[in-house]
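Reading through the structure tokens given below for one structure.
The values are calculated or read from the model by the stated rules, or taken from the named source; none is laboratory data. Computed from a predicted structure; not experimentally measured. Please note: Cβ atoms are built from the backbone with ideal geometry, for glycine as well, and neighbour counts cover all protein chains shown.
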């Protein structure tokens, strides 16, 4: 008995010791490898059921505290997670590739997640780090060069200025060309609210998308194809960009963990490039000094002094004598600008576990532009999460608030009556003007410049003539998902997006604008979208090989907007900018409208043996903005794909994946609210009596919706286990019955009729190629290139309509048989062989009696080259862009040359002969006695070469429109970054789970081979933001470059 008791006690003791050993924490170390045996840096190692976790270092090694009874969860993007007991203190794990995870899950229409290999159309994804790990505070600019087929046209270097983004070309004559932006299932308005004409003195207005905080973005999916976007209905004509924020993400992780992420970025901003100025000649004409705008005067070494500028002498009689030195001021333009600063701060809290997730982000971005007094500030906060309330019900919600403030100057052409542009002379100051001298008149408070009152001193203008814009955006959403069984589920999402803008445009007393009396324009704009979507999902395996999936849905959208604009003229007292301080107030705009769309749709997918896929969709919409008898329209799509490597059982180490795909889709678009209104309109009072009359625009009550029909074919190929990947797409998209206002004779009683007016065709090719030329244990080089070529053509306009001018003051037109936005204007006269026709009385070129095509702003193609080099903890990345062709019209180049301020005009002590032949005033060539054309032999000065003499046209100021058009080919180093991730072993005794330091630069270098060499002009500069006017520059601010650093910390 005693012996049995001893045995029992011994066993009990062993069990206790064993249990104690299992419950005692100790250090577990090991290595995580991929399926090829190479170490995986950055792999996640978590203790299941706890918040304890770490990441592997560059060599794939990890160290973590765990008891022998606990489970370690190993995970890595693109790999299958593994759970391994921590019974051993040394563990080696080899993670296997997860085909679905590796390919990623693409978020398509209405948040429907699909495996990319099933898709019969083209989509692209952009990782959040590709947006946030740049010094670019604007999301639109950050997307440039990230997706083939997505074209970003930059505008100016003004902080906060809007930029245009299009997908697969322009699909509208005068309407919105921006793609539909969907953020967490709700439409995100991206309007540019233009308060004043940007030709005659508007500003670098922001777009509504700039309120979105890039730091809160989890992923971006771009639906380029009509087939991909068709379920979104009439809003998806221009493609769709689907953005999922961190607060709106529904991703769950197996192990619970709370992370705190802090990011701080600081970037210095300067003007990208100034012209190379000549400093040999000063103000004047034909080598004689004169206090004029052009620098065609005497050499600086030809005289010592000049008379003191009368305007400065009058304003400051005690500071100047009768003369001042006649010397060059090499930095008189450079000194006007400053080194700006972008400071971006963000903190994020993220929890993710098996039961759900929660995220909160708080960010602030403050940008002081390189232009003095130009600032842009954005503050954002967001929170949201999704949680499983039961095995069947998941509930989620999200909320975000952002506010912005932009302060900027006025731009545009200074030559219009009542206009005043801060860049009127800024880049082409006479080479002897000293703009560091006092510039405020002590008596009037107005601007003082060396040569009269033709423009305002830029420093005075930036300080006194300002556009101040405040915006607020609130987004809130609720989503429910219920799983009835393994085959049927339903989801419902509802959200609201409310955007408000308040803007003051101030023209101060003594400004050149408004006759120096001052003015205040107040512009209020509100846009609200309320949207709900209900989906029922069905998934069935019909046989062992045939699978069936279907979605039935309903979508409701209500849009409401308000706009009120008032102008007050003639300030009573200085420095008080409100309507109480003006003598007259006039209402410019006071309108509001509401629009509703309702749609029902179906989506069906059939697959065979997981390598053949067929998808079809159908949607019908009802629109409140169309005539009652024609307010519904139907559009279908069909797509198919085949995985050839699986279908043909190809087992190869060379071609490891091959897929072909094709699609056809038709999508319709209605009109804006009030587009068809025929109501009376109240006018200005007459002799104190109210007036009422017809609206100046007549709505065609027989209007029909626009429709786009697109065919697409493509292939996705992978070689050597994804060491080489290729995505190729060809598309043909025709948009018919384009809705647009058309100018009519005023004798009709109207100015315009709103109707169907034409067709547009876009066809092109998109290529995305990724190579991994080198991959070793410590080093990897990844090379990627994107190629985009789109050919656009206006194929038809309404009968009797030869062309549509896109802006009454510019050369952009829509003309049948020509690309959209083609330049059409005055041009040089030429003979049948293309030779210039010369006026024999002066040696300059005649103007053609007919207007003609003088340029095309659409690029021939665009290519982006991306390189990433990783060595241990270091990552070097770069993005290089090449845009071929795409003409632009530039007032700045015209002025730089015409005013004689750059080195292009320095070699001026010789004469020049324009090649061509003499002609009479009827443009008939003049012939000699033998019947031959007589070549030009008249010599012109360089002054005349760039400032047209009487009787003809040369190549800059006072010439034909054609003289200001240049080829926009440009090569650019868009992004350059160097990042260092600290090894985990250095962070073990710190509270940080991850720490990285980055040096980041944007727009550091560019080369435009076909613009005048020393102007250093950037063809990317345009004046009209996200509007349809592209390739036109009117005294705009040059682009900016940035260089700075960023620190990322994770707790």
Yes/no for residue 399 being assigned to a strand (DSSP E or B), at pLDDT below 90 and farther than 29 Å from residue 1000 by Cβ: no
Residue in the stretch 556-574 that is over 33 Å from the mean Cα position of the chain (by Cα), in a strand (DSSP E or B) and under 30 Å from residue 605 (Cβ atoms) present: no
Filtered residues of the stretch 664-711 (kept if surrounded by fewer than 17 Cβ atoms within 10 Å (Cβ to Cβ) and on the phi > 0 side of the Ramachandran plot): 687, 688
Count of residues meeting criterion [assigned to a helix (DSSP H, G or I) and surrounded by fewer than 16 Cβ atoms within 10 Å (Cβ to Cβ)] in the stretch 576-620: 2
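Could you name every one of the strands (runs of 3 or more DSSP E) located completely within the stretch 284-394 that has at least 2 residues being modelled with pLDDT of 90 or more, in the same structural domain as residue 266 (by TED's automatic domain parsing) and under 28 Å from the mean Cα position of the chain (by Cα)? I'd like the intermediate steps shown before the answer.
On the way: elements: 305-307, 323-325, 340-353, 356-368, 375-388.
Counting at least 2 such residues, we get 340-353, 356-368, 375-388.
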Verdict on residue 498 being surrounded by fewer than 16 Cβ atoms within 10 Å (Cβ to Cβ) and either without any contact (Cβ under 8 Å) to a residue 12 or more places away in the chain or closer than 30 Å to residue 529 by Cα (or both): no
Among (1) in contact with a strand residue (DSSP E or B) (Cβ under 6 Å, 6 or more places away or on another chain); (2) touching a residue at least 24 places away in the same chain (Cβ under 8 Å) - the single one residue 630 does not satisfy: (1)
Tally of residues being at pLDDT 85 or above and outside any loop (DSSP other than H, G, I, E, B) across the stretch 220-235: 4
First in the stretch 549-570 and on the phi > 0 side of the Ramachandran plot and touching a residue at least 40 places away in the same chain (Cβ under 8 Å), second anywhere and surrounded by fewer than 16 Cβ atoms within 10 Å (Cβ to Cβ) and in a strand (DSSP E or B), Cβ under 9 Å, 6 or more apart: 570/583; 570/584
Inter-residue pairs, beta-carbon under 7 Å, first assigned by TED's automatic domain parsing to the domain that holds residue 956 and over 20 Å from residue 964 (Cβ atoms) and in the stretch 994-1012, second assigned to a loop (DSSP other than H, G, I, E, B) and at pLDDT 95 or above, 6+ apart: none
Close pairs (9 angstrom Cβ cut-off, 6 or more residues apart or separate chains): at negative phi in the stretch 578-589, in a strand (DSSP E or B) and exposed (fewer than 12 other Cβ atoms within 10 Å of the Cβ) anywhere: 586/684
Evaluation of residue 152 against (1) modelled with pLDDT of 85 or more; (2) part of a loop (DSSP other than H, G, I, E, B) (one fails), failing number: (2)
From the options 773, 741, residue that is in a strand (DSSP E or B), over 26 Å from the mean Cα position of the chain (by Cα) and within 30 Å of residue 886 (Cα to Cα): 741
Single match in 1035, 1026 (criterion: in contact (Cβ under 8 Å) with a residue 60 or more places away in the chain, part of a loop (DSSP other than H, G, I, E, B) and in contact with a strand residue (DSSP E or B) (Cβ under 6 Å, 6 or more places away or on another chain)): 1026
Residue among 753, 760, 765 that is under 30 Å from the mean Cα position of the chain (by Cα), surrounded by 15 or more Cβ atoms within 10 Å (Cβ to Cβ), in the same structural domain as residue 801 (by TED's automatic domain parsing) and farther than 27 Å from residue 125 by Cβ: 760
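Within the group 177, 194, 270, which residue is surrounded by fewer than 20 Cβ atoms within 10 Å (Cβ to Cβ), within 21 Å of the chain's Cα centre (by Cα) and part of a loop (DSSP other than H, G, I, E, B)?
On inspection, the qualifying residue turns out to be 194.
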